[in-house]
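Accompanying notes for the structure given below.
Readers should treat all values here as calculations from the given coordinates under stated rules, not as data from a laboratory. As the structure is a computational prediction, the values presented were derived from the model and not from experiment. Note that we place each Cβ from the backbone using ideal geometry, even for glycine, and neighbour counts take in every protein chain shown.
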Amino acid sequence: MSVAPETGISVEELRLAARNHAMLLEALRWPITPVGLHYLLTHYDVPLVDPTSWRLELVGAVERPLSFTLDELRARPAVELAATMECAGNGRALLEPRPISQPWLTGAVGTGLWRGAELAPLLAEAVPAGSAVEVVFAGLDRGVEGEVEQRYERSLSLDEATSAGCVLAYELNGAPLPPQHGFPLRLVVPGWYGMTNVKWLSQITVVEEPFDGYQVANGYRVRQSEDEEGRPVTRMRPRSLMVPPGMPEFMTRERIVDRGEVELEGRAWSGRAPIVRVEVSVDDGGTWADAALEPDPDHRWAWAGWTFTWDAAAAGSFTLCCRATDETGETQPLEPPWNLGGYENNAVQRVPIIVR
Ligand SMILES: Nc1nc2c(c(=O)[nH]1)N[C@H]1C(S)=C(S)[C@@H](COP(=O)(O)O)O[C@H]1N2
Ligand SMILES: [Mo]
């Protein structure tokens, strides 16, 4: 991963940004993100998959290797899971110097209603060997990254794979998965950053040594330089976003509202622990006041809504911010800690606004 001195966005970054779109922030109004508005991130190409010949293989260090057709998976007991998913690189383009990769601002997030078969009982039926340590999930997409040709693959510890509530999803928001979100099957790991939610899933391999594939050993590590081993990116840090209030100016997208009470609203999530507090600042993080938080206890893994009434009594220019705190006590920072890959930037969102 290279790092840009503070120059403009390159054609390569623009090419990535035009393929991998963010969620429009006004879509925070929906508790479940409409499919076309969910963010999208695909490292290589979206594969064309023939669902009649496709199989999910569960192999490796297991007593009983298993193979499923799509119909066989659909015939198993189904679960439905509302889960917020955020790309680990969300906020990358706001770091200085800018790590060169998909140049996300703040919108690489969405909440899907995923339906599918639970992973844990499938693993239990295969009976992992006593020496098994991890489970590797492989997609059908291929590419070259960091000069390594690979399929997109990520691993989880056997413990996490059986206890995290993972779902092998074949539906999103009540319809079969669309091609770009992983048709015919994807892994959904509630609470983890997006990279672990492997799309176009075709093989699950139980292994007896820690997996050292590119997306685990090289990608998605928090480190300051290439020679550092760093630590792996795992669960989503607390974050909140607001629906941009009022109306935008076309080019700058600066917000414009009329004087008086302004209803602010947004969503907050953390993959580590439930959100316990959201605060709003109308003076660029100088002072903070509590927002009303509306978590949905039935959907722990989906973002929680929040609202705040701002009495915008005086005309002028303001910077609105929001910040979330989860039950571990972790709060979003005002300034993002930098790392080479530009991961886990959960710094508070800043929304410039003119009151007229
Ligand atoms: N097979 C495969 N799975 C993948 C990816 C990929 O490129 N290939 N991208 C990952 C990353 S980095 C993210 S953030 C999420 C994005 O999921 P979405 O495009 O459905 O929003 O998928 C993950 N799963
Ligand atoms: Mo991602």
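What does the convex hull of the Cα atoms come to per residue for the chain, in Å³?
It comes to 141 Å³ per residue, whole-number rounded.
Grab the Cα-Cα distance for ASP298 and VAL79, subtract it from 0.36 nm times how many residues apart they are, and report the gain in nm with one decimal.
Result: 77.5 nm gained on full extension.
Report the extension gain between GLU263 and SER2 in nm, rounded to one decimal, defined as 0.36 nm multiplied by the number of residues separating them, less their alpha carbon distance.
89.8 nm
Within the stretch 200-240, whose backbone N sits under 17 Å from a point 7 Å along Cα→Cβ of ALA129?
From the stretch 200-240, the list is 204-212.
At a 10 Å Cβ-Cβ cut-off, how would you order ILE32, ILE275, ILE256, fewest neighbours first?
Ranked by crowding around the Cβ, least crowded first: ILE256, ILE32, ILE275.
What 222 nm value per residue comes from the helices of the chain, counting each DSSP H run with n ≥ 4 as -39,500 (n - 2.57) and dividing by all residues, nearest 500 deg cm²/dmol?
The helix contribution divided over the chain gives -2000 deg cm²/dmol.
At a 10 Å Cβ-Cβ cut-off, how would you order ARG142, ARG255, fewest neighbours first?
By the 10 Å Cβ count, ascending, the order reads ARG142, ARG255.
Run the simple label-point estimate for VAL148 and ALA273 please: 7 Å along Cα→C-beta, distance reported in nm.
Result: 3.4 nm between the two label points.
Among the GluC sites (Glu not before Pro) within the stretch 43-142, which fall in a DSSP loop and have no more than 14 other Cβ atoms within 10 Å of their own Cβ?
GLU63
Please rank THR106, THR52, fewest neighbouring Cβ atoms within 10 Å first, as an exposure proxy.
THR52, THR106
Does the stretch 125-201 come out rounded, prolate or oblate, given a ≥ b ≥ c as the square roots of the eigenvalues of its C-alpha gyration tensor, rounded meaning a/c under 1.5 and, failing that, prolate meaning a/b above b/c?
Here the stretch 125-201 falls in the oblate category.
Relative contact order for the chain: what percent, with Cα pairs under 8 Å and sequence separation of 6 or more?
It rounds to 18 percent for the chain.
What is the gain in length, in nm to one decimal, between GLU330 and THR252 on full extension, counting 0.36 nm per residue of separation less the C-alpha to C-alpha distance?
Taking GLU330 through THR252 to full extension adds about 24.9 nm, to one decimal.
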